[in-house]
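As structure tokens, the structure follows; a few thoughts come after it.
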Amino acid sequence: MNPNHDTHTNAYAVIRLTGYKEAGFGVSFQDGFLGELIALKRLHLNDNKLKEIPEDISNCEELIEIYIGGNEITLLPSGIGRLPVLKKLYCGRNHLRNIPPSIGRLESLQELFLSGNEIGVVPRDVGRLKSLKRLSLSFNQVKEIPNEVMDLADTGQLELNIDNNPLEMLLDI
């Protein structure tokens, strides 16, 4: 079977490449490769010196979980907001400075882990994530939490971790 044939490439349900950072290797994507994996359900790329997630990840509409922690990612693509069944997004221990507003369109998202980044501002759009059960923003540069996010936490629906941030005011959670 030809490994470059589209139907073969599209058949992957899980990609798991973790720990290559310790081995001195890095992982990157050829243009268009990730977007061809339209049946991909789970993407595990922790600890791989990965610098970016391609915009064409939005073609992977079957993705239910993404693990990209411990890399060198500075920006999430706006296309991340076009993953209709995504339930888990783990992006801790990267160099993210912001969260794209498009994240507010992830109606199925239940767990969002952004700990250990450089995030300074949490967009109000995160408050639109009505399925969200866990949000971890610890060890960032967050100075305030938008009211829309606090409203989710106040309902008891959301477990919010904001430890070790330079919050400008104490919040009663």
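Quick notes on this structure:
- Size descriptors for the range 30-115, from the alpha-carbon set: Rg then Dmax equal 11.5, 30 Å.
- Extending 7 Å from Cα along the Cβ direction at residue 55 and again at residue 147 yields two label points whose distance is 3.5 nm.
- Distance distribution P(r), the range 98-143, all Cα-Cα pairs, bin width 5 angstrom from 0: 5, 24, 32, 26, 12, 1 percent.
- Computed log₁₀ I(q)/I(0) - Debye formula, equal Cα scatterers, no solvent, the range 78-173, q 0.11, 0.17, 0.19 Å⁻¹: -0.27, -0.66, -0.84
- Of every Cα-Cα pair in the range 71-133, the percent that sits beyond 16 Å: 39
We did not get these values from a lab; they are worked out from the coordinates using the rules stated. Treat the numbers as computed from the prediction; the structure is a model and nothing was measured. In this analysis, Cβ positions are derived from the backbone assuming ideal geometry, glycine residues included, and neighbour counts consider all displayed protein chains.
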